[in-house]
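What follows is one structure encoded as structure tokens, with my remarks underneath.
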Amino acid sequence: MGLFYEFELHLSTRKPIDWSNPEGAREHIHSLAIVNVEGNWLSGRLPPELGKLSELDRLSLTSNNFTGELPQTFANFTELWTLRLGDNQFRGKIPSFIQNLTSLRVLIIQGSGLQGPIPSGIAVLERLTYLRISDLNGPESPVPKLRCRNIVTLILRSCNLMGELPAYLAQMTNLKIL
């Protein structure tokens, strides 16, 4: 089997999947662009080795039963455009390494099991066009400072936010949904 120059892993069926060794597939794959395992019944902790797939464009883990904290190796996803973590059973806070994912355009952390507060490092994600964070447990915190001027959708629901709506929202001229 030769090398694939671009490869998409799309698992959107409810069939059993052996997710124990994603690094093993890397020997035959030059560039894994998309991992989509949405809507399966996958469970357990995410393997840290998943973070070694640093050339991912999209990582969609929504609607599974993943648990534990997000692996620190996810900080390697500096080329990632889309990260979808919703509808899981993760625990711990939204990790501060989220600020390393500076290529993100879409970030969804909805009903993920993660706790707030929303990390201040989210402010450096200037390329975001879609941000949805909801259903966070944890202490109250102020509305996060955001610099994503091209954002179209901004949803921060049930995040234990306090204070006033920030004035910078008026500068988000592309904002359609708040």
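Odds and ends about this structure:
- Qualifying residue in region 124-138 (condition: free of Cβ contacts under 8 Å to residues at least 40 places away in the same chain, surrounded by 14 or more Cβ atoms within 10 Å (Cβ to Cβ) and over 26 Å from V37 (Cα atoms)): yes
- Positions within region 120-136 being in a loop (DSSP other than H, G, I, E, B) and closer than 25 Å to G44 by Cα, in sequence order: D135, L136
- Scanning region 47-63 for residues that are surrounded by 19 or more Cβ atoms within 10 Å (Cβ to Cβ) and either modelled with pLDDT under 95 or among the aromatic types (F, W, Y) (or both) returns L50, G51, L53, L56.
- Those residues of region 156-176 which are hydrophobic (A, V, I, L, M, F, W, C) and either over 17 Å from I133 (Cβ atoms) or surrounded by 12 or more Cβ atoms within 10 Å (Cβ to Cβ) (or both), in sequence order: L156, C159, L161, A167, L169, A170, M172, L175
- In the set L83, L70, L104, only one residue is modelled with pLDDT of 90 or more and in a strand (DSSP E or B); that residue is L83.
- Given (1) farther than 22 Å from T62 by Cβ; (2) touching a residue at least 24 places away in the same chain (Cβ under 8 Å), index of the condition G116 fails: (1)
- For A75, the requirement of being over 13 Å from the mean Cα position of the chain (by Cα) and either crowded, with 16+ Cβ neighbours inside 10 Å or aromatic (F, W, Y) (or both) is not met.
- Single condition V152 does not satisfy, out of (1) modelled with pLDDT under 95; (2) farther than 27 Å from L42 by Cβ: (1)
- Test set (1) out of contact with any Ser or Thr (no Cβ under 7 Å at 6 or more places or on another chain); (2) farther than 18 Å from S63 by Cα - W81 fails condition number: (1)
The values are calculated or read from the model by the stated rules, or taken from the named source; none is laboratory data. This structure is a prediction, so every number in the text was calculated from the model and none was measured. Because the Cβ atoms are built from the backbone with ideal geometry, glycine has one as well, and the counts that use them run over all protein chains shown.
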